[in-house]
Amino acid sequence: MLDPGENHELPIIPGKRYFTIGEVSDLCLVKPHVLRYWEQEFPQLKPVKRRGNRRYYQRHDVMLIRQIRSLLYVEGFTISGARNKLDLDNPALPDASRQQAIKTLIHELEDVLDMLKKI
């Protein structure tokens with residue numbers, strides 16, 4: 001895991017159409033194996049796959065990865081919490097899914113509140 005205190009300044013994203021996993025790794029300061037893992041955990045992250053199953057990320061993918069990185073490493077969200085946050089921020093999400101995400105978030109917050117009351 002990266003130290004949130006390090007590298008507040010991410011490199012500028014070049015004006016290219018597609019980026020390799022190595023380039024995205026450098027642009028987002030995240031190792032390639034972490035990017036592959038995040039693809040499994042975040043359904044919004046779907047890079048284009050070509051020639052021998054090689055990944056090619058577009059600019060919006062890089063921006064999403066930076067947002068995920070910030071949620072996890074800077075704001076301290078869990079994978080589940082970051083996934084819920086991204087779902088809530090997505091206006092294209094169907095109402096039923098949004099309501100379910102809100103209910104899940106409320107349940108998690110109630111659990112945290114119960115834990116804090118016990119302290």
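Tabulated values for the structure
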item	result
Residue in region 22-39 that is at negative phi, outside any strand (DSSP E or B), modelled with pLDDT under 90 and not acidic (Asp, Glu) present	no
Residues of region 20-38 satisfying the condition of being surrounded by fewer than 18 Cβ atoms within 10 Å (Cβ to Cβ) and within 23 Å of Leu105 (Cβ to Cβ)	Tyr37
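The values are calculated or read from the model by the stated rules, or taken from the named source; none is laboratory data. Note that the structure is a prediction, hence the values are computed from the model and not measured. Please note: Cβ atoms are built from the backbone with ideal geometry, for glycine as well, and neighbour counts cover all protein chains shown.
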